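Read through the structure below, which is laid out as structure tokens, and then see the notes.
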Amino acid sequence: MDFLRPASWEEALAAKAEHPTAVPIAGGTDVMVEINFDHRRPEYLLDLNRIGELSTWTVGEETVELGASVPYTHIMEHLRAELPGLALASHTVASPQIRNRGGVGGNLGTASPAGDAHPALLAAGAEVEVESVRGSRRIPIDAFYTGVKRNALAADELIRSVHIKKADGPQQYSKVGTRNAMVIAVCAFGLALHPATRTVRTGIGSAAPTPVRARTAEEFLNAALAEGGFWESGRIITPSIAREFATLAAGACNPIDDVRGTARYRRHAVAVMARRQLGWTWEQYRGTGRALEGAA
């Protein structure tokens with residue numbers, strides 16, 4: 001195994017172009033586990049730790065550009081207001097030591113359906129900026145996951161950053177596991193209210209071959225909120241709407257039975273998380289979200 005250690009982003013892109021099979025490593029929290037257990041033996045490792053720009057972020061008027069290697073700890077400490085769903089997800093990532101090293105870029109590169117960041121990124125409607133010596137492009141998060149542990153990156157591309165719109169409404173995230181952290185999710189769910197567009201987005205993890213959105217549930221809830229005038233009135237969402245939303249969210253799952261849980265349990269858990277998060281986010285919207293929306 002050869003170790004490539006570029007000193008700049010340009011050198012990293014050149015190395016990836018010359019060695020398309022090179023596996024990028026920054027935090028190493030996913031890659032090193034696979035190597036240590038001999039599940040993976042890449043010909044080249046591409047160390048990105050000397051590229052400082054990957055560990056920075058920029059907060060713009062509408063969007064946060066999050067470098068691929070920004071540690072989860074920094075998201076929790078500095079971006080809680082702008083990216084509340086992702087900050088909540090970051091809290092559940094492994095141990096403090098791993099949160100100090102791991103970043104969203106690693107989750108995206110690995111593209112495991114159990115990655116903690118995916119539901120929050122889906123719910124927020126993120127875009128992944130990737131680059132090669134041929135140029136850069138942005139991939140909508142909905143098009144990024146292409147199969148089990150597969151993503152839309154070309155062989156010569158690296159993840160540079162993630163562009164995420166600043167929250168204009170409440171967001172939530174939760175996962176089910178034997179513990180709150182230091183555990184791979186049995187399943188996970190993220191929900192974001194977007195009052196500016198009168199829409200709701202979701203994200204589901206570890207309950208399908210890829211991270212997915214509960215699109216039918218979103219469409220139902222968007223229609224119900226619009227037809228009932230809930231956005232304008234801020235009325236409490238009726239139990240029947242919440243139950244149907246939860247049922248449709250569970251229907252978006254395509255889980256398996258494994259050592260962490262059964263498919264039936266995963267569907268049930270997603271339904272429970274969807275119903276609870278809808279209640280939590282809507283109460284936040286009724287209390288503070290509408291005031292923020294009116295000031296926008």
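Numbers below:
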item: Rounded to 10°, Cα long-axis angle of helix 263-284 versus longest principal axis of the chain; result: 70 degrees
item: Hull-based mean projected area of the stretch 1-151, where the convex hull spans the alpha carbons, in square nanometres; result: 8.9 nm²
item: For the chain, size of Cβ-based charge dipole, Lys and Arg +1, Asp and Glu -1, in debye; result: 1040 debye
item: In degrees, nearest ten, helix 9-18 long axis to first principal axis of the chain (Cα); result: 70 degrees
item: Amide hydrogen neighbours beyond the local backbone of R198, cut-off 5 Å, H modeled; result: none
item: Extended-chain gain in nm, criterion 0.36 nm per residue less alpha-carbon gap, E43 and S233; result: 62.5 nm
item: S240-V148 FRET efficiency (beta carbon distance; Förster radius 35 Å; 0.05 resolution); result: 0.45
item: Cα long-axis angle, helix 215-227 against the chain (0 to 90 degrees, to the nearest 10); result: 40 degrees
item: Cβ-Cβ FRET estimate between E10 and V259, R0 fixed at 35 Å, reported to 0.05; result: 0.20
item: Accessible-area composition of the stretch 68-146, carbon plus sulfur, in percent [1.4 Å probe]; result: 51 percent
item: Solvent-accessible area per residue for the chain (1.4 angstrom probe, square angstrom); result: 46 Å²
item: Under 26 Å from the Cα of K165 - lysines, other chains or at least 8 residues apart; result: K149, K175
item: Residue list for the stretch 157-186, given a label point 7 angstrom along the Cα-to-Cβ vector of R138 and an amide N cut-off under 20 Å; result: 157-169
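The values are calculated or read from the model by the stated rules, or taken from the named source; none is laboratory data. As the structure is a prediction and not an experimental result, all values here were calculated from the model. Every residue, glycine among them, receives a Cβ derived from its backbone with ideal geometry; neighbour counts consider all protein chains shown. Ligands, DNA and RNA are stripped out before the accessible areas are found, and what is left, the full protein with its side chains, is counted by its heavy atoms. Shrake-Rupley method; radii C 1.70, N 1.55, O 1.52, S 1.80 Å.
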